[in-house]
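Enquirer: I'd like to ask you about the structure that follows.
The values are calculated or read from the model by the stated rules, or taken from the named source; none is laboratory data. Worth saying up front: this structure is predicted, and the values here are computed from it rather than measured. All Cβ positions, glycine included, derive from the backbone under ideal geometry; neighbour counts span all protein chains shown.
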Amino acid sequence: MAHEAHKKAAEHHEHAAKAHHAAAEHHESGDHKAAHEHSEKAHEHSTEAHKHSADAHSKSVSKQ
């Protein structure tokens, strides 16, 4: 179902954004190790968001 894929993509985008914000905060405070860990998490969520977005697009196009 395209709706579910869109929902999953949105959730991963939100998680990625939170991880990016956390990375920025840690970077500003000089905790580069924690910043890197949050950046890695952000990348993971962004990758998952992309997969779900592509799936949603594929399902939407196939219904036309």
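Enquirer: Residues in the range 28-64 that are within 13 Å of the chain's Cα centre (by Cα) and farther than 18 Å from Lys8 by Cα: how many?
Expert: 3
Enquirer: Looking only at the range 2-21, decide whether some residue is of a type in the set (A, V, I, L, M, F, W, C) and touching a residue at least 60 places away in the same chain (Cβ under 8 Å). Show your work before the answer.
Expert: To start, the set of residues in the range 2-21 that are of a type in the set (A, V, I, L, M, F, W, C) comprises 2, 5, 9-10, 16-17, 19.
Filter again for touching a residue at least 60 places away in the same chain (Cβ under 8 Å), leaving 2.
Scanning the range 2-21 turns up at least one residue that is of a type in the set (A, V, I, L, M, F, W, C) and touching a residue at least 60 places away in the same chain (Cβ under 8 Å).
Enquirer: Check Glu14, Glu4 and return the single one that is modelled with pLDDT under 95, loosely packed, with under 13 Cβ neighbours inside 10 Å and closer than 30 Å to Val61 by Cβ. Walk me through how you get there before you give the answer.
Expert: Working: Glu14 fails: modelled with pLDDT under 95.
Residue meeting the stated conditions: Glu4.
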